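A short write-up of the structure that comes next.
The values are calculated or read from the model by the stated rules, or taken from the named source; none is laboratory data. This is a predicted model, so every value here is computed, not measured. When we count neighbours, we look across all protein chains shown, and the Cβ atoms used for this are built from the backbone with ideal geometry, even at glycine. Heads up: the accessible areas ignore ligands, DNA and RNA and are worked out on the full protein's heavy atoms, side chains in. Shrake-Rupley method; radii C 1.70, N 1.55, O 1.52, S 1.80 Å.
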Amino acid sequence: MDHKYQLEPVEVPRVETAHRRIVTRLPVPESLAVFAKLAAHEPVSMQGQPPVVWDRAEGLHVCDRWGNMWLDWSSGVLITNAGHGRREIRAALRAMLDRPLLATYVFAHEGRAELCERLAALAPDPSYKVFLVTTGSEATENAAKLARTYGVRRHGRGKHVIVSFEGAFHGRTLGAQMMGGMPALKEWIVELPPGFVQVPFPDGFRVEDTGFGLFEESLRRQGVAAESVAGVVVESYQGIGPNFLPAEYARELGRWCRRHDALLVMDEVQSGFGRTGRMFAYQHYDLTPDLVCCGKGISSSLPLAAVIGRADVMDLYPPGSMTSTHSASPLPVAAALANLRIIEGECLVEHAAREGAVLAAGLERIRRKHPRHFGKALCRGLVGGLLVVRPGTREPDAGVALQINEKCFQRGLLMFAPVGWGGGCLKIAPPFSPPSCQDAKSIDAENEALAEPTGRHGGRPSSAADRAARRGRWRPGSVPATHAEHL
Ligand code: PMP
């Protein structure tokens, strides 16, 4: 990817709204020393985000030390579903700090028992078991290990193939990348083992054929017999999109897995905990996953991840043989428990579903304004994306997506533009809470940001809802105002 966020401070317009404040050049000249230190001591791979040095993050806002404040439409890239720095989560952490209980290895603690019970209650069946780990990659790797172990033990060594999807992302560790569907990310593996295959993801855009026949046909073409498949790993939505499975395809996939005793593994690392307007995105489909991978929004804060799965599969490994040093570390567990209480107590899943309709309409409005530059506007719940394409084509334009993202950053709006799979996706995923905030002028920020790289002025917001938002109030009967309406 040739476009890098620039580290030369530039003059940017002053911004002063309820949710955004930009009062310096950007990047802040005084912050450059931090970036220089990082550049000297960290791999270049860590430089993929707009140059903000985070100092505080609370609710919807991220602040630096120099008086700037951004409205975070990324939720820290899909972590802080319940909002940044929630008071309840901080209180739970403080209580654990003061107890003190900071590390337990895999010795038992009460929080671990409570969290496993709570997560199992969210599973397709309460008999499911929960293995708590630290990162999403660890969750997907463990799910693949469990699926393979199940296949091999139950049916013999021939049943070991893991099927995943082209364009998929399951993490950056070796096994997770072998399951990943972006060839550029796994060139380094050089010799890919034969037991991991990918089939096309039926997004209806790049892959127009959304029939399930494509799945079977692709396996046949790759010489993979259905009986050899131990598991199918699928993101409940693919991140560069967000692309959801077509309903009928998903149903067929579920049936196919049952017919061949292949475990269905849903990767919910980014889609879980309400993001799409359901607690888990697989609930949009008529599917019962055998294993569910969770991460990110599970705690809205500290590193924690989980595999939730069928008890007979989760119990395949004897005591001491499927663990991780920081499994269920007390602080992340306390954070996750507080986070679940917030999500449930404030009905944030329902809130995300309601807001999703507003976000979807806003994105579609922008797409229609720039039809040659945005190939598609996708959204469900509080995750949306605009697919930036080379004018008039279906070819993603990663460079322009990053430029738009940079312009948004300069106007006090944090979004993200993932670069994998050709990039080109401008992704929007605001925290769900606090639900009553709005910054009507953010629509202008994004419109202006779109205007420069696409060479067209985005114009002023024009719908009745926009006008109402700009006046800071809502017409009777309109959808409750929140950050989603900033579009
Ligand atoms: N699966 C999906 C769908 C993800 O989006 C991610 C992270 N972006 C991962 C797995 C890996 O999670 P982590 O970065 O915590 O290892």
Examine the range 242-264 for a residue that is farther than 18 Å from P124 by Cβ and near the ligand (Cβ under 10 Å from one of its atoms), and state whether such a residue exists. no
Taking the criterion of being within 22 Å of the chain's Cα centre (by Cα), modelled with pLDDT of 95 or more and among the charged types (D, E, K, R), would at least one residue in the range 125-137 satisfy it? no
Does any residue of the range 257-264 turn out to be modelled with pLDDT of 95 or more and within 30 Å of R87 (Cβ to Cβ)? no
Residue count, the range 59-106 (criterion: on the phi > 0 side of the Ramachandran plot, part of a helix (DSSP H, G or I) and buried (at least 19 other Cβ atoms within 10 Å of the Cβ)): 3
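For (1) within 21 Å of K4 (Cα to Cα); (2) out of contact with any strand residue (DSSP E or B) (no Cβ under 9 Å at 6 or more places or on another chain), each residue gets a yes or a no:
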position	(1), (2)
P371	no, yes
K376	no, no
C379	no, no
V389	yes, no
T393	no, no
D397	yes, no
A401	yes, no
N405	yes, no
Among E30, E16, which is the only one that is in contact (Cβ under 8 Å) with a residue 24 or more places away in the chain and surrounded by fewer than 15 Cβ atoms within 10 Å (Cβ to Cβ)? E30
Answer yes or no as to whether D290 is open to solvent by 10 Å² or more (accessible area, probe 1.4 Å), closer than 22 Å to R251 by Cα and more than 12 Å from the ligand (Cβ to nearest atom). no
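Here is a yes/no grid of residues against (1) under 25 Å from C425 (Cβ atoms); (2) surrounded by fewer than 20 Cβ atoms within 10 Å (Cβ to Cβ):
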residue	(1), (2)
G195	no, yes
F205	yes, yes
A250	yes, no
L253	yes, no
Please determine, by comparing only the residues of the range 107-116 that are without any contact (Cβ under 8 Å) to a residue 12 or more places away in the chain and in a helix (DSSP H, G or I), which one is farthest from L386 (Cα to Cα). E110
Restricting attention to the range 276-287, and to residues there that are in contact with a strand residue (DSSP E or B) (Cβ under 8 Å, 6 or more places away or on another chain) and not in a loop (DSSP other than H, G, I, E, B), which single residue is nearest to the ligand (Cβ to nearest atom)? A281
Residue in the range 123-141 that is farthest from the ligand (Cβ to nearest atom), counting only those that are touching a Lys or Arg at 6+ places or on another chain (Cβ under 8 Å) and under 19 Å from L302 (Cβ atoms): L132
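So that you can scan it fast, the table gives a plain yes or no per residue for (1) within 25 Å of the chain's Cα centre (by Cα); (2) open to solvent by 60 Å² or more (accessible area, probe 1.4 Å); (3) under 12 Å from V233 (Cβ atoms):
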{"position": "V163", "(1), (2), (3)": "yes, no, yes"}
{"position": "F169", "(1), (2), (3)": "yes, yes, yes"}
{"position": "M178", "(1), (2), (3)": "yes, no, yes"}
{"position": "M182", "(1), (2), (3)": "yes, no, no"}
{"position": "L185", "(1), (2), (3)": "yes, no, no"}
{"position": "D209", "(1), (2), (3)": "no, yes, no"}
Open to solvent by 20 Å² or more (accessible area, probe 1.4 Å), under 26 Å from G181 (Cα atoms) and either outside any helix (DSSP H, G or I) or hydrophobic (A, V, I, L, M, F, W, C) (or both): does that describe G48? yes
Would the range 26-37 turn up any residue that is within 22 Å of G295 (Cα to Cα), assigned by TED's automatic domain parsing to the domain that holds R411 and not small (G, A, S)? no
